[in-house]
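The values are calculated or read from the model by the stated rules, or taken from the named source; none is laboratory data. None of these values were measured; they are calculated from a predicted model. Counting neighbours? That spans all protein chains shown, and the Cβs are built from the backbone with ideal geometry, glycine included.
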Amino acid sequence: MPFARSSKPRPPLDEPALLDFAVKSLSAKMKSVRDLRRKLADRAAPETVDKVLARLKDLGYLSDERFAAEFTRNRQQNDKFGRRRVQQQLFQKGIGSDLSNTTLAAAYADVDELALAKQYVQRKRMKPPANEKETARAMRRLMAAGFTTKTVWKVLRNWGAEVEEVDVVEDAE
């Protein structure tokens, strides 16, 4: 294979080289502290990684608060995801529950979830379900997009689907 990766381990980077690598990585894509730490851990000793991360925070290049706010804004405005889906993704990125809750509360404070769900449906070009199987599929898809069951039922009823509403206790968010 002409483009196969070398099986030789890479030599560890010193602090200036690791800082340069980290800045290049952040310039390509914003990352959380945990994601960047994982990326840098392959390239240097843990003490060097800690020093570089502290330096990046001092320079203002690395901030979980900014990452969480920007990530939430992108998922809400571009992908039209509901609050729960974004919360799940923030957790996967290593953002703590306190920070994610405050970020989500600020981002979704003025958002009409039904309107956001309708935008999601339009963005994904979902069609009104014709039978129970398609209704179930649409419901699963909207739930996976992070919308509450109450909102999902409203969307399905707007399509004319017959949905039996079950009493579900929503999480206090």
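One residue stands out among those in the stretch 106-164 that are loosely packed, with under 13 Cβ neighbours inside 10 Å and at positive phi: the one that is modelled with the highest pLDDT, which is ARG125. The residues on offer are ARG43, ARG75, ARG10, and the sole one that is closer than 30 Å to ALA144 by Cα and of a type outside the set (Ser, Thr, Tyr) is ARG75.
Check the stretch 3-10 and report whether any residue there is surrounded by 12 or more Cβ atoms within 10 Å (Cβ to Cβ), among the hydrophobic types (A, V, I, L, M, F, W, C) and not assigned by TED's automatic domain parsing to the domain that holds ALA144. There is no residue in the stretch 3-10 that is surrounded by 12 or more Cβ atoms within 10 Å (Cβ to Cβ), among the hydrophobic types (A, V, I, L, M, F, W, C) and not assigned by TED's automatic domain parsing to the domain that holds ALA144.
Residues that are of a type in the set (Ser, Thr, Tyr) and out of contact with any Lys or Arg (no Cβ under 6 Å at 6 or more places or on another chain) do occur in the stretch 86-97, at least one of them.
Each row is one residue, and each column tells you yes or no for (1) more than 16 Å from the chain's Cα centre (by Cα); (2) without any contact (Cβ under 8 Å) to a residue 12 or more places away in the chain; (3) part of a helix (DSSP H, G or I).
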residue	(1), (2), (3)
ASP58	yes, yes, yes
ALA69	no, no, yes
ASN74	no, yes, yes
VAL111	yes, no, no
LEU116	yes, no, yes
GLN119	yes, no, yes
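With respect to the conditions (1) part of a helix (DSSP H, G or I); (2) farther than 16 Å from ARG34 by Cα; (3) touching a residue at least 12 places away in the same chain (Cβ under 8 Å), THR102 lacks only one, and its number is (3).
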